[in-house]
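Asks: Pasting a structure below so you can have a look.
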Amino acid sequence: MVVLEKCPDYNSENVYIAVKKAVDRLGGINKFVKHGARVLIKPNLVMKKAPDEAATTHPSVVEAVARIVTEAGGKAIIADNPGGIITEKTLKGLYSVCGMKIAAEKSGAQLNYDLEEAELQFPEGNYLKKVIVSRPFADADVIINVPKLKTHGQMVYTGAVKNMFGAVPGVLKAEYHFRMQEHRAFANALIDIFLSTKTSLNIMDAVVGMDGHGPTAGNPKQIGLIIAGENAFELDYTALNVIGVSPFDVPIIREAVERNLCPSSIESIHIEGEDLDNVRIHGFKVPHLGALRTIRFFDNRAFNLISKALRPSPVFIHSKCVGCRECANNCPAKIIEMVDNKPVLDMSKCIRCFCCQELCPVKAVTTKKSVFTYIKNLQIKCRKKF
């Protein structure tokens, strides 16, 4: 079951009411949280961004979830791993800028500063048989996943399933990007990571989402919903229907359907609360994968060259760049060099993970559309005209 609950704004009481209604429709918080349980609340805190930029889970949503957990007698802990090197100092800055410090104070939750790692065994994984996570994720009795509805430059969309990539410590994320450069492989790795964490409940902040150049450099987009469900795959499938995006354009959902983790049609998902037809929005701009992966040429070398040429690529806007080196420090392929305090990329070795775009604090990295995207847009315009 997936619940669609209207929430017009981030007023704390409005959000609390919407979240509580959604959880009650799923059976109530006591179905998931027992008295004294250690409950890890996992928002999307990809980087230090103010709440109104729509790049991170809004603090009022995290506050509402933590408040409901505390009322049920659970011990709420707010935890996430942004990209890059993580220290107690970086976490303090992250929690402060993203509004989590205030959310914790208001709700009685704790903020996580435990930097130790733990290994989760996952023998049933398709791509990953074991996963390294921050220890609090392994020690929690219950994990409540609190994602943000956003676009993603590499994977088209980021929601409930991909949000649990944040269980992996920041530096190790780069290793996964580098090892699994193809969309299908990376999508399956993300699915394995999600399944290994055994999340109990998913509550999505879709009050204001992000479209365009997500997950950090896009535009806030009013949606007006809290979306909740036990099954994160069904939740993401439903959220994509809300914003008018085909789930099969999103690698994670496409692979989840292939692995029988998700239905292949929205009609197979039981939706409670608001009627889906009444909450759909229009004009939500999403990136395309932008590479031809079904056409093969006479040799793999020719295919790889053409495929690379057709894929979107990162572009640095030097006039906006402040020389912070975040892009160079966090590039999984280690191919960004700082020249005169500005980043220069070796495009021939770029793996198109878009970590540079995702972690740039001043939106100085954008994406160059592929030839494939221009052709696709031209086809759409021609169909509308004729």
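We did not get these values from a lab; they are worked out from the coordinates using the rules stated. Because the structure is a prediction, the values reported are computed rather than measured. Virtual Cβ from ideal backbone geometry, glycine too; neighbours counted across all protein chains shown.
Asks: Within segment 108-167, report the GluC sites (Glu not before Pro) that DSSP leaves as loop and that have at most 11 other Cβ atoms within 10 Å.
Replies: For GluC sites (Glu not before Pro) across segment 108-167 that sit outside H, G, I, E and B with at most 11 neighbouring Cβ atoms in 10 Å, the list reads Glu116, Glu124.
Asks: Additional query: Can you tell me what percent of all Cα-Cα pairs in segment 194-295 are more than 18 Å apart?
Replies: So the portion of pairs separated by more than 18 Å is 52 percent.
Asks: Who wins for biggest fluctuation among Thr216, Thr87, Thr366 in a Gaussian network model of the chain, springs between alpha carbons below 10 Å?
Replies: Thr87
Asks: Report the antiparallel proportion of the DSSP beta bridges in segment 2-279 as a percent, rounded to a multiple of 5.
Replies: 55 percent
Asks: On to the next question. If each residue's Cβ is checked for other Cβ atoms within 10 Å, how do Arg135, Arg280 rank with the fewest at the top?
Replies: Arg280, Arg135
Asks: A further question follows. Can you sort Phe186, Phe32, Phe178 from fewest to most other Cβ atoms within 10 Å of each residue's own Cβ? Mind dumping the intermediate values first?
Replies: Details: Phe186 24, Phe32 21, Phe178 15.
Exposure proxy ranking, most exposed first: Phe178, Phe32, Phe186.
Asks: OK, next. Highest mean first, how do 125-131, 25-31 rank when packing is the count of other Cβ atoms within 10 Å averaged over residues?
Replies: 125-131, 25-31
Asks: Oh, and also: Mind checking which of Val33, Val168, Val339 has the largest fluctuation in a GNM of the chain, springs on alpha carbons under 10 Å?
Replies: Highest fluctuation of the listed residues: Val339.
Asks: Using a Gaussian network for the chain with springs between C-alpha atoms less than 10 Å apart, which of these wobbles most: Pro123, Pro247, Pro314?
Replies: Pro123
Asks: With an 8 Å cut-off on Cα pairs and a minimum separation of 6 or more residues, tell me the relative contact order of the chain in percent.
Replies: Reported as a whole number, the value is 18 percent.
Asks: How would Leu45, Leu4 line up from fewest to most surrounding beta-carbon atoms within 10 angstrom? Spell out each step's value before the answer.
Replies: Values: Leu45 26, Leu4 23.
Lowest to highest Cβ neighbour count: Leu4, Leu45.
Asks: While we're looking at this one, here's another question. Expressed as a whole number of Å, what is the distance separating the alpha-carbon centroids of segment 183-244 and segment 23-84?
Replies: 15 Å
Asks: Under the Kirkwood approximation for Rh and a Cα-based Rg, what ratio Rg/Rh is obtained for the chain?
Replies: On the way: Rg = 20.2 Å, Rh = 21.2 Å.
So for the chain, dividing Rg by the Kirkwood Rh gives 0.95.
Asks: Which entries of Lys49/Lys101; Lys49/Lys150; Lys21/Lys42; Lys150/Lys342 have Cα-Cα distances beyond 24 Å here?
Replies: Long pairs (Cα-Cα over 24 Å): Lys150/Lys342.
Asks: A further question on this structure: Once fully extended, how much extra length lies between Arg179 and Ser264, figured as 0.36 nm per residue of separation less the alpha-carbon to alpha-carbon distance?
Replies: 27.7 nm is the gain from fully extending Arg179 to Ser264.
Asks: Add +1 for every Lys or Arg and -1 for every Asp or Glu among the other residues with Cβ under 13 Å from the Cβ of Glu234, and state the total.
Replies: After counting each charged neighbour, the total is -4.
Asks: Ok, one more. Using only helices, what value at 222 nm comes out for the chain when you add -39,500 (n - 2.57) per DSSP H run of length 4 or more and divide by the total residues, to the nearest 500 deg cm²/dmol?
Replies: Taking each H run of at least 4 residues, the total per residue is -10000 deg cm²/dmol.
Asks: Taking loop as defined by DSSP and a crowding limit of 15 other beta carbons within 10 Å, which GluC sites (Glu not before Pro) in segment 129-235 fit? Walk me through the intermediate numbers first.
Replies: Working: sites: Glu175, Glu182, Glu230, Glu234; in loops: Glu182, Glu230.
Answer by residue number: Glu182.
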